[in-house]
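This report concerns only the one structure given below.
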Amino acid sequence: MAVHIGIDTSNYTTSLAHFDPITNECSNYGKLLPVEQGSLGLRQSDAVFAHLKAIPALSQALAETLPRDIASICVSVKPRPCEGSYMPCFVAGQALSQAMAAVLNVPCYETSHQEGHLAAVLASANRFDLFGSEFLAWHLSGGTTELLLVKGENHGFSIQKIGGTSDISAGQLIDRTGQKLGLQFPSGKALDKLAQMSDSNDCFTPRVNDCTFSLSGVENKVQTMLEHGVPHTEIARFTLQTIAQAVLKASVQARKNYGNLPLVFSGGVASNSLLRDAMKDYNVIFAKPEFSTDNALGCAVLAARIHEEANS
């Protein structure tokens, strides 16, 4: 049997992956885009250029490990599956996938970055049963903190946003805190490691109404703590525990509103250890940490599902 290829060029990671729907064997090759120390990101033109520079080496690494022929390719072409969703960085992956598909004479399917995240969680957690089922999901990343009501389908997902933040995302709060503490962007892993050095239980729990909360005030509290000389370890833990408590409260509200549905966590922030610890008693589904951050596995999984449906 042939394998399926996934390609994702998100705002901060270039990623190529393969997936075998018979054995569930997979791989993912990713490279973070270079961001200068002290910066909070890249301009889109710089992100596109960085993707183009990263693609050849990642393509070579993938080619050297592919176990079989390629049946199809799927690429994320926009952030979310909705009208008007667009970021130039995804054009790099779209161009690569179309060129590969033309040379290999295989179909090229398109999806969204958000759907790729969800599919990666289901594959990593071996929860393929949720394709075709209804579930709740968090998309927690550098630019997105959304609580979703999801219906799994062969071609991807039907998604309704039901909550999340009303202002800055959890990832933005993490990266802005990291910048204040002198950490490299993106700051998630470093902030998590710093937080593990503190045993403080101090946090601020934002008010949650209809599964929605605000995080902008937390950033002000972080600045005040820094000005008062609070240790960096305690500031890191305060930030991450605050996010975890807000997500927990919104999750509980969602299950009251929509029933005790499976709850899936996707996106780079979902790899955070304090968040995982806060949710451990609530029967939720996490991906392996390497498949929570931006990756192309979900696109490869969706390629297999779309291809099977198209040829059935």
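Each value in this text was obtained by applying a stated rule to the coordinates, not by laboratory testing. Predicted model, so just to flag it, every value in this text is computed and none were measured. Please note: Cβ atoms are built from the backbone with ideal geometry, for glycine as well, and neighbour counts cover all protein chains shown.
Would you please calculate the Kirkwood hydrodynamic radius of segment 169-267 over all C-alpha pairs and express it in Å, rounded to one decimal?
Working: mean 1/r = 0.0709 Å⁻¹.
In segment 169-267 this quantity evaluates to 14.1 Å.
Can you give the calculated 222 nm mean residue ellipticity of the chain, where each DSSP H run of n ≥ 4 adds -39,500 (n - 2.57) and the sum is split over every residue, rounded to the nearest 500 deg cm²/dmol?
So the helix-based figure for the chain works out to -13000 deg cm²/dmol.
Which value in nm describes the separation of the simple spin-label points at residue 46 and residue 288, placed 7 Å from the Cα toward the beta carbon?
For residue 46 paired with residue 288, the spin-label model returns 3.3 nm.
Could you work out the mean projected area of the convex hull around the alpha carbons of segment 261-310, in square nanometres to one decimal?
Average projection, Cα convex hull of segment 261-310: 4.2 nm².
Under the rule that an exposed site lies in a DSSP loop and has at most 10 other Cβ atoms within 10 Å, name the longest stretch of the chain with no trypsin sites (Lys or Arg not before Pro) of that kind, not counting the sites themselves.
With trypsin sites (Lys or Arg not before Pro) excluded where exposed in loops, the chain gives 44-206 as its longest stretch.
Between segment 179-205 and segment 12-55, what is the separation of their alpha carbon centroids in Å?
Each part's Cα centre sits 24 Å from the other's.
For segment 1-149, with only Lys/Arg (+1) and Asp/Glu (-1) charged at the beta-carbon, what is the dipole magnitude about the Cα centre, in debye rounded to 20?
In total the dipole reaches around 280 debye.
Points 7 angstrom from Cα along the Cβ direction at residue 228 and residue 205: gap in nanometres?
Computed distance between label sites residue 228 and residue 205 equals 2.0 nm.
Apply 1/(1 + (r/R0)^6) to the Cβ-Cβ distance of residue 184 and residue 53, taking R0 = 22 Å, and write down the FRET efficiency to the nearest 0.05.
Working from the Cβ atoms, E equals 0.70.
With +1 on each Lys and Arg Cβ and -1 on each Asp and Glu Cβ, and nothing else charged, work out how big the dipole of the chain is about its Cα centre, in Debye to the nearest 20.
420
Going from the alpha-carbon gyration tensor of segment 69-129, what semi-axes, largest first and in whole Å, does one get by taking the root of 5 times each eigenvalue? Provide the component values of the computation, followed by the final result.
On the way: eigenvalues 85, 67, 13 Å².
Sorted largest first and rounded, they come to 21, 18, 8 Å.
Just going by the charge dipole of segment 21-105, with Lys and Arg at +1 and Asp and Glu at -1 on Cβ, which of 32, 22, 56 is farthest out on the positive end?
Of the options given, the answer is 32.
How big, in percent, is the set of alpha carbon pairs in segment 209-272 lying more than 16 Å apart? If you can, show how the numbers build up before the last one.
Values: 1127 of 2016 pairs.
Value for segment 209-272: 56 percent of Cα pairs lie more than 16 Å apart.
Over the alpha carbons of the chain, what is the largest minus smallest coordinate on each principal axis, giving the biggest first in Å?
Extents along the principal axes, in whole Å: 62, 45, 34.
Across 10 Å bins from the origin, how do the percents of Cα pairs in segment 1-118 run, short distances first?
14, 45, 32, 8, 1
Taking the highest mean first, how do the peptides 290-300, 138-148 order by number of other beta carbon atoms within 10 angstrom per residue?
290-300, 138-148
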